[in-house]
């Protein structure tokens, strides 16, 4: 086994561990979530982690046994945002715990993206690059989804003052 293959296998092993930790985190966040939309988001993300683990393990095992890269289909997408005004108001009442979990989820997805992007850049095989880039792109979409969630509920700490108790922005008094 070449040094390049060993490096890729180590990156894939780290990715598998990351996916397992992500699944556990998202399952716990879903179980503790108070609002339906947050639970749906976290349950979907947990399933995405299971799918990524399965796909990465298949690639890892194939490479480790000299079979080369395998091509595996990605999972389906998700729509999570409510559209009915009354439903939105009800959802905003229960976002406090979900805010912290979503901020942690965003950090987790950033880490996942970085792992796959780094692995894609380390691989010379075009099929391997494409597979790893696809995983990186999916993690980027997860990151965007979580960021949109935070923005939709006005919970992003990188935007002006937030009242996490109410889940909405407020104006600071001078």
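The values are calculated or read from the model by the stated rules, or taken from the named source; none is laboratory data. This is a predicted model, so every value here is computed, not measured. Here Cβ is always computed from backbone atoms with ideal geometry, including for glycine, and neighbour counts include all displayed protein chains.
Considering only residues that are in a helix (DSSP H, G or I) and more than 18 Å from residue 109 (Cβ to Cβ), which ones fall in the stretch 13-38? Of everything in the stretch 13-38, those that are in a helix (DSSP H, G or I) and more than 18 Å from residue 109 (Cβ to Cβ) turn out to be 13, 31, 32, 36. Among the residues making up the stretch 31-50, those that are free of Cβ contacts under 8 Å to residues at least 40 places away in the same chain and either surrounded by 18 or more Cβ atoms within 10 Å (Cβ to Cβ) or at positive phi (or both) are 44, 46, 49. For the stretch 122-135, the candidate set comprises residues that are touching a helix residue (DSSP H, G or I) at 6+ places or on another chain (Cβ under 8 Å) and surrounded by fewer than 20 Cβ atoms within 10 Å (Cβ to Cβ); within that set, the residue that is farthest from residue 51 (Cα to Cα) is 124. Condition check: touching a helix residue (DSSP H, G or I) at 6+ places or on another chain (Cβ under 8 Å), more than 30 Å from residue 152 (Cα to Cα), modelled with pLDDT of 90 or more and exposed (fewer than 14 other Cβ atoms within 10 Å of the Cβ). Does residue 68 satisfy that? Yes, satisfied.
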